[in-house]
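The values are calculated or read from the model by the stated rules, or taken from the named source; none is laboratory data. Quick caveat, the model's predicted, so the values are computed rather than measured. Neighbour counts are summed over all protein chains in view; Cβ atoms, including those assigned to glycine, are modelled from backbone coordinates with ideal geometry. Note: areas computed on protein heavy atoms with side chains; ligands, DNA, RNA excluded. Shrake-Rupley method; radii C 1.70, N 1.55, O 1.52, S 1.80 Å.
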Amino acid sequence: ASPAIGITPMGPGSGHDRAAPRRVRRATVAEAGLALGLSLVFCRLLEPCAAWAFCRSRGVARSIFVRRRSRGALHDEPTGGTFLDERTVDLHRKYHDATLDYTMQNFAWVEGKQFATDALLSPELQEQVWRASRARLFRWPQLEARDMHKVKLGREPQRFCRDGLDPVALGDPQDNVFVINLPRRPAKLRHALHQLYQAGVSATVVDGIDGDTFAGQDDLGRLGVSTLPGYCGHQNTLPYLTSGQLGCFMSHFQIWHHMVEEGIESALILEDDFDLQENFAQRFGEHLEEASSEDWNLLYLGRSPTEGDWRQVSEHIVEPGYTLWTVAYVIRLEAAREFVERHVERELAPLDHYFSVAMGRGLDLHWNDQARHWAKYVPQVLRGLAVTPPLAMPYVGSMFLSDTAMLRNG
């Protein structure tokens, strides 16, 4: 992929415009980091990253954005982040501006957007896919061969760090690149495969857990899945967990579970709305080498910061503050095992916020006023780093196809 921003055609005739058979209402997409307090609900979809909103509200410096430790608006306690690299800010700004342009060009379609299924699937195929996804739900958390689809587009065996270096020590995922895709979203899969092809990266496409297949609370009890006790969304998110957010967490969990079962030392996990940046594979390997002196078990390749970074590790590696998005990250077996053995599926929350609290972020309540309550149940086991600027971003327009922020009536 090139630094030019990927834009997936949408609207009538694009493969994204088939209305769902049941009536739904649209929810505010705070989970994508879209929050600037714009007056219209659909306009809130125009902020694709909290990083750009964060920086625009405070003013961006030159090569490095630096500010004093500010006071949290609710609790008058200092936030941890002190700076954001301008390259990260610029990349977010670019996607932000492209999203505004896209929205204005497709204003009528965006304004009337509701939950929709993929128009590449006929109604008959949609029904077949739903039934297959429903059956797949009850195989969770096991990943069987029929749930994984290998796509060979890169060198074999695959590695990102240089030859002669220890890939395990560096956290190189090698052949363990996983792309989460819902079978009812073939247009997103097409975009993801094109990105992988351009980057020369092989991957395994994993059938995700589709929140639209839950029939009711009984399904959750049968699977042993629940939100954390007293769960309530915070001031920057929905007050309750959507079925899509639940499916998202479970989709990632099944890959962690697979890592533990197979002894996979590290894995790169991608959600199917990613844009890979220029020279992705080479830069990824170089950044792994830059992080070699750090004891990390989570490495964000794509993120949306809600505060400044806590520490500059090297030119391209930082220790992040409270961070949104799970579009692209590397997780090591140690962290995956912690999550699986602690049965985090029994006390879950929206995944990106869960990761931040698991890193010990947000306890000043600057973004998540429920963080201290969540921290009673979220294990503080992540030692997170992030690459800067990001190597992956959600493609422009993907937020309008969000399966985590749409509410299904009934």
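Couple of notes before you dig in:
- Beta bridges from DSSP with both residues in region 134-249: antiparallel share about 50 percent, rounded to the nearest 5.
- Solvent-accessible area per residue, Å², over region 321-380 with all protein chains present [probe radius 1.4 Å]: 29 Å²
- Measuring r between the beta carbons of A215 and D97 and using R0 = 60 Å, the FRET efficiency lands at 0.90.
- For the pair E144 and E334, a Förster radius of 30 Å applied to the C-beta separation gives a FRET efficiency near 0.75, rounded to the nearest 0.05.
- Share of carbon and sulfur in the accessible heavy-atom surface of region 191-350 [1.4 Å probe, %]: 43 percent
- Stretched out straight at 0.36 nm per residue, the stretch from E315 to L165 would grow longer than its current Cα-Cα span by 52.0 nm.
- Sparsely packed GluC sites (Glu not before Pro) within region 105-210, loop by DSSP, other Cβ within 10 Å at most 10: E144
- Remark: region 222-332 projects, on average over all directions, an area of 9.2 nm² (convex hull of Cα atoms).
- If the chain linking R222 and S293 were pulled fully straight, counting 0.36 nm for each residue of separation and taking away their Cα-Cα distance, it would gain 21.2 nm.
- Measuring r between the beta carbons of E262 and A132 and using R0 = 25 Å, the FRET efficiency lands at 0.55.
- Near-label residues of region 344-360 by backbone N, under 20 Å of a point 7 Å along Cα→Cβ of Y240: 346-351
- For the listed peptides 150-158, 319-327, 262-270, a ranking on the average number of other beta carbons within 10 Å per residue, highest first, reads 319-327, 262-270, 150-158.
- Under 5 Å, built H, 5+ apart or other chain: amide partners of V396: G6, T8
- Beyond 18 Å, the tail of the calculated P(r) for region 158-284 holds 62 percent of the Cα pairs.
- In the full protein context, region 121-238 carries 47 Å² of accessible surface per residue, based on a 1.4 Å probe and ignoring ligands, DNA and RNA.
- Electrostatic bookkeeping for V225 treats Lys and Arg as +1 and Asp and Glu as -1; over the other residues with beta carbon under 13 Å from its beta carbon, the sum is -2.
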